[in-house]
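Laboratory data are not the source of any read-out in this text; all were calculated from the coordinates shown. Please read all numbers here as calculations on a predicted model, not as lab measurements. Glycine also receives a Cβ, built like all others from the backbone with ideal geometry; neighbour counts cover every protein chain displayed.
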Amino acid sequence: MEIELGLDTFGDVTDDAEGRPLPHAQVLRNIVDQGVLADQVGIDFIAIGEHHREDFAVSAPEVVLSAIAARTSRIRLGSAVTVLSSDDPIRVFQRFATLDGISNGRAEVILGRGSFTESFPLFGFDLAQYEELFDEKLDLFAAVRQQQPVTWQGSTRAPLAEQSVFPPVENGLLKTWVGVGGSPESVIRAARYGLPLMLAIIGGEPLRFAPLVDLYHRALEQLEQPTQPVGEHSPGHIAETDEQAREELWPHYQALMARIGRERGWPPMTRAQFDAAAAPEGALFVGSPETVATKIAYAAKGLGLSRFDLKYGNGGLSHDKLMKSIELYGTRVIPRVRELLAD
């Protein structure tokens, strides 16, 4: 069984050695260094998420990815996710086509609605149109992606008539995924456009998503679309031992979840809940290289994954610990996953 193994980060604002938040600019420079290390240790893909709030440093993933592209040679580069609902599909395509050219064909985009909504008022979009905006903009993006003159009409922007979009992608079509949470409607939408599916699995048991994967494959077949890959994005952290990884991650993950929970009405995460998520069947991929590799192989087999992306940045966890986690992922986890999947 073949699988690509990648990394995700949202550009969480990390702490310095004294536990103080780093400036956003330093976090951005650190992310570039993390991407360079990921390339050096053989990781297949790095994706950077888009946010527009104080606790995340990245609002323009393509710019950061271009900086990584300039210092790397093989790692693929993408977003996780691009919030298409509050962006312009044509500009999104142009930015990623530009990244693709700069990186010699290594760009990908993961399109999503986003689990945070700050971009909607920031860019003047009505949250009441949450579903309509994504539906129409994905439809337009899919048309632009074909790299033919576009004629399109919808209700959320001006129509297009035989409009060409530049620059084109040099070889083939821009690889485009649709990121989804747990919605069957989102899965069917991805299948309708014949686009690969990226599952954001951040809680519960990853294998509970198996019915959605089955739905996706059945929808592709019924819609007469070709078979497409399925990926998983899940948070985690790697250290030399399970205990070290959990103790390093726990206070930062707890603070991150508490901050988001206050905004969304969730109760604070308990240590028991954290440990349950870190257990063999949970969605938190935290532990030693052997533990994390075993969990990835288990999820890959159970869901038929073509890619697994570890969200390695979680809250204030420091740059040096993130770099160590990346090193262990590339040098020890990835080879072990390939061994386990070859059995």
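Using DSSP to call loops (not H, G, I, E or B), can you name the GluC sites (Glu not before Pro) in the range 144-187 whose Cβ has at most 15 other Cβ atoms within 10 angstrom?
On the way: sites: Glu162, Glu170, Glu185; in loops: Glu170.
Sites meeting the loop and neighbour criteria: Glu170.
Between the range 280-343 and the range 235-260, how far is it from one alpha carbon centroid to the other, in angstrom?
Centre-to-centre (Cα) distance: 14 Å.
Only Lys, Arg, Asp and Glu count, each charged at its Cβ (+1, +1, -1, -1), so figure out the dipole size of the chain about its Cα centre, rounded to 20 debye. Present the calculation step by step, with values, prior to reporting the outcome.
Working: 32 positive and 47 negative charges, 46 e Å.
I would put it at about 220 debye.
Among His237, His217, His319, which comes first, then next, by fewest other beta-carbon atoms within 10 Å? Mind showing how you got there, number by number?
Details: His237 30, His217 17, His319 20.
The fewest-first ordering by Cβ neighbours comes to His217, His319, His237.
Restrict the search to the range 1-67; then list the GluC sites (Glu not before Pro) that DSSP places in a loop and that have at most 16 other Cβ atoms within 10 Å of their Cβ.
Working: sites: Glu2, Glu4, Glu18, Glu50, Glu54, Glu62; in loops: Glu2, Glu18, Glu50, Glu54.
Answer by residue number: Glu2, Glu18, Glu54.
Note the angle between two axes, namely the Cα long axis of helix 89-102 and the longest principal axis of the Cα atoms of the chain, as a number of degrees from 0 to 90, rounded to the nearest 10.
60
Angle between the Cα long axis of helix 319-328 and the longest principal axis of the chain, 0 to 90 degrees, nearest 10?
Between helix and principal axis, roughly 90 degrees.
So which residue, out of Gly19, Gly179, Gly302, gets the largest mean-square fluctuation from a GNM of the chain using Cα contacts under 10 Å as springs?
Gly19
Excluding same-chain residues fewer than 8 positions from Lys175, which lysines have a Cα within less than 30 Å of its Cα?
Output for Lys175: Lys137, Lys295, Lys301, Lys311, Lys324.
Can you tell me the orientation of helix 24-40 relative to the chain, as the angle in degrees between its alpha-carbon axis and the longest Cα principal axis, to the nearest 10?
Its long axis makes an angle of about 80 degrees.
As I understand it, the dipole of the range 1-138 uses +1 on the Cβ of Lys and Arg and -1 on the Cβ of Asp and Glu, about the Cα centre. Which of Ala97, Gly78, Pro121 lies farthest toward its positive end?
With unit charges placed on the Cβ atoms, the residue in question is Ala97.
Before rounding to the nearest 500, sum -39500 (n - 2.57) across all DSSP H runs of length at least 4 in the chain and divide by the residue total; then give [θ] at 222 nm in deg cm²/dmol.
Details: 12 runs with 147 residues, N = 343.
Mean residue ellipticity at 222 nm (helix-derived): -13500 deg cm²/dmol.
Looking only at Val83, Val165, Val36, which one moves most when the chain is put into a Gaussian network model with springs between Cα atoms under 10 Å?
The residue with the greatest mean-square fluctuation here is Val165.
Taking neighbour counts of Cβ atoms within 10 Å as a proxy for exposure, in what order, fewest first, do Met257, Met1 appear?
In increasing order of surrounding Cβ atoms, one gets Met1, Met257.
For the range 218-282, run through the GluC sites (Glu not before Pro) and keep only the ones in DSSP coil with at most 13 other Cβ atoms within 10 Å of their Cβ. All intermediate terms of the calculation are to be shown ahead of the outcome.
Values: sites: Glu221, Glu224, Glu232, Glu240, Glu243, Glu247, Glu248, Glu263, Glu281; in loops: Glu224, Glu240, Glu281.
Qualifying residues, ordered by number: Glu224, Glu240.
For Trp250, Trp266, what's the fewest-to-most ordering of other Cβ within 10 Å of each Cβ?
On the way: Trp250 17, Trp266 11.
Exposure proxy ranking, most exposed first: Trp266, Trp250.
For the chain, modelled as a Gaussian network with Cα springs under 10 Å, which listed residue fluctuates most, Leu197, Leu212, Leu310?
Leu212
Determine the shape class of the range 193-343: with a ≥ b ≥ c the square roots of the Cα gyration tensor eigenvalues, call it rounded for a/c under 1.5, and otherwise prolate if a/b is greater than b/c, oblate otherwise.
Oblate, since a/c reaches 1.5 and b/c is not below a/b.
Return the percentage of antiparallel bridges among DSSP beta bridges fully within the chain, rounded to the nearest 5 %.
Details: 4 of 39 bridges.
In the chain, approximately 10 percent of DSSP beta bridges are antiparallel ones.
Between the range 172-214 and the range 68-114, what is the C-alpha centre distance in whole Å?
About 19 Å separates the Cα centre of the range 172-214 from the one of the range 68-114.
Multiply the residue separation of Glu290 and Glu118 by 0.36 nm, subtract the distance between their alpha-carbon atoms, and state the gained length in nm to one decimal. Show your work: numbers first, answer last.
Numbers: separation 172, 0.36 × 172 = 61.92 nm, distance 3.82 nm.
Length gained, Glu290 through Glu118: 58.1 nm.
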